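Structure first, then comments.
What follows is calculated from the coordinates using simple rules that are stated; it is not laboratory data. Note that the coordinates shown come from a computational prediction; the quantities given were computed from them, not determined experimentally. So basically every Cβ, Gly included, is an ideal-geometry build from the backbone, and we count neighbours across all protein chains shown.
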Amino acid sequence: MFYTVSALFFTRVVGLGVGQVGLGLTVAGAVAIAASFVAGHTADRIGAPAVLVTTTASQGLALLAYPTTATLTTFTLVACLAVASKAAQGTARAAVLAHAFTGADRVLVRARLGVVINVFTGVGTVCGGLALLADTKVGYILAILGSGSFVLISIWPLLAIRGQLAARARHDEAYAAMPASHSGPSPLHDRCYLAVSGLNALLAMHAGLLTVGVPLWITEHTSAPTITVALVLLLNTALVVVIQTPVARRIHGIRRSARAVHMAGLTLALACLAYSASAVTSSTVAVVMLLSAAVLHTLGEVTAEIGSWGLAFDFAPTSSAGAYQGVNHASVAAGAMLAPLVITTTALTHGAIGWLVLAAIFISAGTATLLAVRGRQLPQGGTTGVR
């Protein structure tokens with residue numbers, strides 16, 4: 001629900017301009033980078049499940065606070081808490097997977113979780129679509145409050161998982177030692193990993209493109225009806241559900257993951273060109289172009305995420321799983337921070353030329369990732385072979 005209505009909620013209900021939304025989310029993204037990194041180190045010391053529960057609670061509370069914002073300052077403060085909590089939550093979730101599973105199973109399980117997430121994202125998108133159809137202040141506020149409430153409800157199963165993992169740790173000496181390890185290597189000394197993470201920040205802008213850029217592009221630059229925003233998000237969600245697990249089965253090991261990231265950059269670039277073309281057509285053709293762009297966008301998104309998960313898991317020694325996942329999710333947070341500013345100053349401001357700039361960014365990031373990992377071998381302490 002939040003993804004569907006957030007861009008219009010910020011502009012039409014809170015009353016912020018597009019540039020102000022971009023500025024506030026950029027500041028929040030900067031805070032999220034630090035939160036991701038800190039969450040990774042904290043997960044290695046006190047356990048990832050505890051961090052996961054805490055960050056989920058703070059994210060839900062922050063979402064509930066959005067309707068109370070009325071100025072750029074209050075909006076930015078709440079956004080900092082919401083976005084930082086979400087970033088830290090992602091780090092903790094990945095660290096849980098890194099400890100609980102081994103080898104290619106980690107990426108496959110992460111993909112299956114993604115399917116479950118997207119199924120319910122689809123349900124939320126339908127609910128958000130109702131708010132778009134109503135196009136009233138009350139409808140947008142109810143959608144935001146519903147988002148926060150559902151996030152808080154999700155704490156209950158996370159507490160159950162935390163208890164199960166604690167019980168497992170008591171009976172598994174090797175597992176029990178993992179979260180408490182302080183002797184693992186630091187990802188800050190791994191130049192190849194840092195380079196890959198930095199490039200991932202550029203590719204990770206695809207998420208902001210979908211949730212911020214595309215809704216504003218559709219409503220302000222095309223003749224497509226507003227409900228097309230919900231249709232694009234629903235199509236994205238449905239495709240992720242269908243293709244994510246099959247794609248994950250095919251991508252494992254550092255080399256295949258890097259090639260996947262490379263192809264993702266090319267596919268996202270094609271999506272940018274399709275989005276750009278939707279502005280110069282009739283409403284019917286615009287809808288067709290936007291849905292076609294959403295298909296390409298989704299293919300690029302899925303491939304980029306699975307490739308980045310594979311690289312993040314395979315580069316990381318088990319003893320430093322949390323720290324490595326923290327750096328990886330810091331790159332995702334950096335992408336989320338960059339996305340509103342980059343997208344608003346390129347595509348939303350300069351139209352076709354701006355979309356070409358975005359396409360070039362995605363192609364360059366994917367190609368550079370493939371070049372960066374050539375010859376890279378699995379780190380000592382890793383658990384998966386290079387394929």
Next item on the list: Pop a pseudo-label 7 angstrom from the Cα along the beta-carbon direction at both V116 and A238 and give the gap in nm to one decimal.
Entry: 2.4
Notebook entry, point to check: Any idea what the relative contact order of the range 2-372 is, in percent, if you count C-alpha pairs under 8 Å spaced at least 6 apart?
Noted result: 29
Check: With springs only between Cα atoms under 10 Å, which of A82, A65, A39 fluctuates most in a Gaussian network model of the chain?
Finding: A65
Check: Taking the Cα centre of each part, how many Å lie between the range 1-74 and the range 325-366?
Finding: 19
Check: So what is the calculated 222 nm ellipticity per residue for the chain, using -39500 (n - 2.57) for each DSSP H run with n of 4 or more, over all residues, to the nearest 500 deg cm²/dmol?
Finding: -27000 deg cm²/dmol
Next item on the list: Report ³J(HN,Hα) in whole Hz for each residue of the range 135-150, in order, from the Karplus equation J = 6.51 cos²θ - 1.76 cosθ + 1.60 where θ = phi - 60°; Gly and Pro get x.
Entry: 6, 10, 4, 4, x, 5, 5, 4, 5, 5, 5, x, 4, x, 5, 5
Notebook entry, point to check: Is any residue of the range 72-92 close enough, with backbone N under 19 Å, to a label point placed 7 angstrom from the Cα of V109 along the Cα-Cβ axis, and if so, which?
Noted result: 89-92
Item checked: Centroid-to-centroid separation of the range 81-155 and the range 204-243 [C-alpha atoms, Å] -> 16
Next item on the list: Quick one: among F37, F75, F120, which has the greatest mean-square fluctuation in a GNM of the chain with alpha-carbon springs under 10 angstrom?
Entry: F120
Check: Whole-Hz Karplus ³J(HN,Hα) for the range 323-335, in order, using 6.51 cos²θ - 1.76 cosθ + 1.60 and θ = phi - 60°, x for Gly and Pro?
Finding: 5, 5, 5, x, 5, 4, 6, 5, 5, 5, 5, 5, x
Check: Mean separation of Cα pairs under 8 Å and 6+ residues apart, divided by the residue count of the range 1-149: what relative contact order is that in percent?
Finding: 40
Margin query: Can you order the peptides 337-348, 299-310 by their average number of other Cβ atoms within 10 Å per residue, highest first?
Written below: 299-310, 337-348
Notebook entry, point to check: Along the range 343-352, what does the Karplus equation 6.51 cos²θ - 1.76 cosθ + 1.60 (θ = phi - 60°) give for ³J(HN,Hα), rounded to whole Hz, x for Gly and Pro?
Noted result: 5, 5, 8, 10, 4, 6, 9, 10, x, 4
Note to self: At 7 Å along Cα-to-Cβ for each site, give me the label-to-label distance between R374 and I227 in nm.
What the structure shows: 5.1
